[in-house]
1. Classify the stretch 160-248 from the C-alpha gyration tensor, please: rounded if a/c falls under 1.5, else prolate or oblate depending on whether a/b exceeds b/c.
2. Classify the chain as rounded, prolate or oblate from the Cα gyration tensor: take a ≥ b ≥ c as the square roots of its eigenvalues, call it rounded if a/c is under 1.5, otherwise prolate when a/b beats b/c and oblate if not.
3. So what's the back-of-envelope 222 nm ellipticity for the chain, counting only DSSP H runs of four-plus at -39500 (n - 2.57) apiece and dividing by all residues, rounded to 500?
4. Taking just the C-alpha trace of the stretch 168-326, give me its Rg and Dmax in Å.
5. Would you mind working out the accessible area per residue for the chain, using a 1.4 Å probe, and quoting it in Å²?
6. Using only Cα atoms, locate the centre of the stretch 136-169 and the centre of the stretch 219-254, then give the distance between them in Å, rounded to an integer.
7. Below 15 angstrom from the Cβ of Y244, what's the summed charge of the other residues (Lys, Arg +1; Asp, Glu -1)?
8. Show me 99-111, 316-328 ranked by packing, highest mean number of other Cβ atoms within 10 Å first.
Amino acid sequence: MEQKTYLLSAGGTGGHLFPAQALANELRSRGAKVHLATDNRAAKYAGDFPCDEMHVIPSATFGSKNPVKMLLVLWRLYSGIKRASKVLAKVRPHAVIGFGGYPTIPPLIASTKYGYPSILHEQNGVMGRANKFLAGRVTAIAGGFLRDDVGPFSDKIFATGNPIRQAVLDVEGMPYVASKKNEPFNLVVFGGSQGARFFGRTFPQSLGLLPEELRKRIRLTLQARPEDLEYAKEQCAAHGVDAYVAPFIDDMALKIAEAHLIISRSGASTVTELGAIGRPSILVPLPHALDDDQGVNGQNMVGIGGATMVRQPELDENKLAGLLENSMNAPDELTEMAGKAKLAGKLNATSLLADMLEAIADGQTIKEFKETHA
């Protein structure tokens, strides 16, 4: 059997790179060669990405209406497409897959221009701008939370789910054990890969509004931005809460698995991992997002009863304290939510995405793939 070669395009943020890394591991376990096309920013922390070769390709995003800056963006995109074309000519992949964000634009434009089978993976429930721009050109679209029954590209979409990190798979079997009255209550609060000022400032204030007997039970893991660390630590200490506060949580998958409740943003990776592990959550979507992608992601979990969602403008320290107090006093409800959240987990998402990529590389249409994976 011929050894397959695939070009994965991902960059910009860890949210795009992590799913690509999971897929790369799966493809290599199947004996395939994997090449990564990425941008300068992601290349700095993609040194351990499981690939045969990494290719840094220029790209840019239209973030300004200044004519000079727009010309510079167009030049970088043109340079990126030329560079991607050379990479394709050298690597000659059987198929190309992009994981969203502006770094995927040059490789996917080049690959579709030269007729390579191509897939976009969209993590969120709403297609991002780069993927929306590329959607009409590609062979198929793999959806994390995308619906495949509405929209102009629904005939191209297959819901694979989002690839899951190995660290999450390692702990997804840990059962949820509720915290009863007077028992320690493990609480995890975080705001995504870059943290969130709202969680670092407002949440610590809410702790002081809880009854003392509840504060004594809390074992808090709180992600806060570096500029908010001292304030958050001081507030937790002043309210007698046992807290670990840091700008980055290394063992986040384990922390989620050990948690009795999570309060977080509702990015695609977060909602995916809450479902895989099966933990109850209070989701606070990122406000002011262009397409409210986090709101759509969170609604998937809320709809099956695995989470509560509250919009940030409606949330202050008083409401936060009330939500937390109600949750801590309702262990049976949290247990039920954990079970429903677990039902949303798609543990086979990575292998399903690899199957889809192999099928497209072999010339199968997305319609044929859907029929065999209904």
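1. Working: a/c = 2.68, a/b = 1.26, b/c = 2.13.
Judged from the Cα gyration tensor, the stretch 160-248 comes out oblate (a/c at least 1.5, b/c at or above a/b).
2. Details: a/c = 2.19, a/b = 1.73, b/c = 1.26.
Since a/c reaches 1.5 and a/b is larger than b/c, the shape of the chain is classed as prolate.
3. Taken over the chain, the calculation gives -13000 deg cm²/dmol.
4. 14.6, 43
5. Numbers: 16820 Å² over 374 residues.
On a per-residue basis, the chain sits at 45 Å².
6. Result: 35 Å between the Cα centres.
7. Working: positive: R219, K233, K255; negative: D228, E230, E234, D242, D250, D251, E258.
Cβ neighbours under 15 Å give a net charge of -4.
8. On the way: 99-111: 27.5, 316-328: 16.8.
Per-residue Cβ counts within 10 Å, averaged per peptide and sorted highest first, yield 99-111, 316-328.
The values are calculated or read from the model by the stated rules, or taken from the named source; none is laboratory data. Everything numeric here is computed off the predicted structure, so don't read it as measured data. Note: ideal-geometry Cβ built from the backbone for every residue, glycine included; neighbour counts use all protein chains shown. Ligands, DNA and RNA are stripped out before the accessible areas are found, and what is left, the full protein with its side chains, is counted by its heavy atoms. Shrake-Rupley method; radii C 1.70, N 1.55, O 1.52, S 1.80 Å.
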